[in-house]
Amino acid sequence: MLKDKIEKALNDQVRIEAQSSQIYLAMASWAETEGLGGTAQFLYKHSDEERMHMLKLVQYVNERGGKALIPQLSEPARNYKSLTNLFQTLLDHEVMVSGEINNLVDICLSEKDYTTHNFMQWYVAEQIEEEALARTIMDKLNMIGEDKGGLYLFDRDIENISMVVDTSKQVINTM
Ligand code: FEO
């Protein structure tokens, strides 16, 4: 049975993952209407992944005898000034999410809930990957700047960007 404090912290994380999915869905839709098809596909996929992160939490809470709460979400931003602006927002968001995951891990330790602590390790590893990916994308966009040809190639290639995390947890970019 989950302690109340752990259940609440997990439900807070359900909301964060659901909101992340919603934000990336809105980003994908914006990119699609801007003619950035590759970026849109990347973001639709990212939105689906966040939904999966949420679902894992929902099912874990219910399996452990708690009650997962499906939250109301706020409307995400509709527009972005540029691709750089969009991906900086995404990176900032992921850094915030990592902080929240770390807080949750802290709560697990202080409450001596080692099962939930173990469950959360998947999220810790996932955040390392997601932040690294967002930073790689920002590095590329900063290099490209306003160059239209560069942005065209970026949009074409981003669909296939993937990260490989080796056993030593070093993140390798394969774009
Ligand atoms: Fe599920 Fe990107 O945090």
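Taking every Cα-Cα distance in segment 4-174 and sorting them into 5 Å bins starting at zero, the pair-distance distribution P(r) comes out as 1, 8, 16, 20, 18, 14, 11, 7, 3, 1, 0 percent. Summing +1 for each Lys or Arg and -1 for each Asp or Glu among the other residues whose beta-carbon sits under 15 angstrom from that of Leu73 gives -1. Helix 37-63 axis versus longest C-alpha principal axis of the chain: approximately 0°, rounded to the nearest ten. Excluding ligands, DNA and RNA, the accessible surface per residue across the chain is 55 Å² with a 1.4 Å probe.
Would you work out the relative contact order for the chain, in percent, from Cα pairs under 8 angstrom that are 6 or more residues apart?
This gives 24 percent for the chain.
Taken about its Cα centre, segment 1-46 carries a charge dipole of roughly 200 debye when the Cβ of each Lys and Arg holds +1 and the Cβ of each Asp and Glu holds -1. Electrostatic bookkeeping for Ser110 treats Lys and Arg as +1 and Asp and Glu as -1; over the other residues with beta carbon under 12 Å from its beta carbon, the sum is 0. Between Asp139 and Arg156, the modelled labels are 2.3 nm apart [label points 7 Å from Cα along Cα→Cβ].
What percent does the relative contact order of segment 64-139 come to when contacts are Cα pairs within less than 8 Å and at least six residues apart?
39 percent.
Here the alpha carbons of segment 1-71 define both size measures, Rg and Dmax, at 14.8, 49 Å. Of all the options Ala31, Ala125, Ala40, the one that moves most in a Gaussian network model of the chain with Cα springs shorter than 10 angstrom is Ala125.
Placing +1 on the Cβ of every Lys and Arg and -1 on the Cβ of every Asp and Glu, with no other charges, gives the chain a dipole of roughly 340 debye about its Cα centre.
With respect to the cross-link table entries Lys67/Lys112; Lys8/Lys112; Lys45/Lys67; Lys3/Lys112; Lys45/Lys148, which display a Cα-Cα separation exceeding 18 Å? Violating the 18 Å limit, Cα to Cα: Lys67/Lys112; Lys45/Lys67; Lys45/Lys148. Shape call for segment 39-126 from the C-alpha gyration tensor, a ≥ b ≥ c root eigenvalues: rounded (a/c under 1.5), prolate (a/b greater than b/c) or oblate? Here segment 39-126 falls in the prolate category. Choose one answer from Leu151, Leu90, Leu43: the residue with the largest mean-square fluctuation in a GNM of the chain with alpha-carbon springs under 10 Å. Greatest mean-square fluctuation among the candidates belongs to Leu151. Angle of helix 114-144 to the longest C-alpha principal axis of the chain, folded into 0 to 90 degrees and rounded to 10: 10°. Here segment 21-63 is treated with +1 on each Lys and Arg Cβ and -1 on each Asp and Glu Cβ, and its dipole about the Cα centre works out to around 60 debye. Between 0 and 90 degrees, the angle of helix 4-33 with respect to the longest Cα principal axis of the chain falls at about 20 degrees. Of the solvent-accessible surface of the chain, computed with a 1.4 Å probe and all protein chains present, 51% belongs to carbon and sulfur.
Dividing the summed -39500 (n - 2.57) terms of all DSSP H runs of n ≥ 4 by the residue count of the chain sets its mean residue ellipticity at 222 nm at -25500 deg cm²/dmol.
The values are calculated or read from the model by the stated rules, or taken from the named source; none is laboratory data. Just so it is clear, the model here is predicted, and its values are computed rather than measured. Note that each Cβ is placed from the backbone with ideal geometry, even for glycine, and that neighbours are counted across all protein chains shown. Remember, those area values only see protein heavy atoms, side chains included, never the ligands or the DNA or RNA. Shrake-Rupley method; radii C 1.70, N 1.55, O 1.52, S 1.80 Å.
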